[in-house]
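Enquirer: Have a look at this one.
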Amino acid sequence: MSASPMPSAPGSSTPRADGRCEAGDWVEIERVLLEPRERAAGLPPETASKPLKMWVKGFAQGAAAVGEDVTVETMSGRLVSGRLFAVDPGYFHTFGRPIPELARVGRDLRAQVARYRSALAAGEAGSAGEAGMAGETDGQR
């Protein structure tokens, strides 16, 4: 099977090799919100010297090439104009490295709930609290 890129049909997810989009393609645009001279005073110099930009994903309302202006309709129905940044963009975000203390929370909580339920099933209402869970007793059901 060939892995050669093919042009996309409107609304398809097949990437285009030529960096162009057609109406209906999923795209990402870039828009400058504030030029450096318009930025707030008091920003660090390395921040103040750069424009404030936003990137928006949506469905192209017309044909364009990367770098050209195009309007997109977002998933919420907003129409936003900007410069075409990517055709068929993906999501490439991360929440950073795992926090060791939080990595075990789900597993540990499930174990506590299992001990609590076992204690309740065994009729040990007093030891249910000792199982690491405060909760209902026979009188609260």
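Taken together, the values in this text are just the output of simple stated rules run on the coordinates, not laboratory data. Predicted, not measured: the structure shown is a model, and the values here were computed from it. All Cβ positions, glycine included, derive from the backbone under ideal geometry; neighbour counts span all protein chains shown.
Enquirer: Taking amide H atoms as placed 1.01 Å from N in the peptide plane, list the residues 5 or more away in sequence, or in a different chain, whose amide H sits under 5 Å from that of Gly24.
Expert: The answer is Ala60, Gln61, Gly62.
Enquirer: Where does each of 95-108, 73-86, 30-43, 51-64 land if you order them by average Cβ count within 10 Å, highest first? Walk me through the numbers before you get to the answer.
Expert: Numbers: 95-108: 8.2, 73-86: 13.5, 30-43: 11.0, 51-64: 16.1.
Ranking, from highest mean packing down: 51-64, 73-86, 30-43, 95-108.
Enquirer: In whole percent, what relative contact order does the stretch 9-125 give with Cα contacts below 8 Å and a gap of six or more residues? Intermediate results must be reported in sequence, preceding the final value.
Expert: On the way: 189 pairs, mean separation 29.4, N = 117.
Value for the stretch 9-125: 25 percent.
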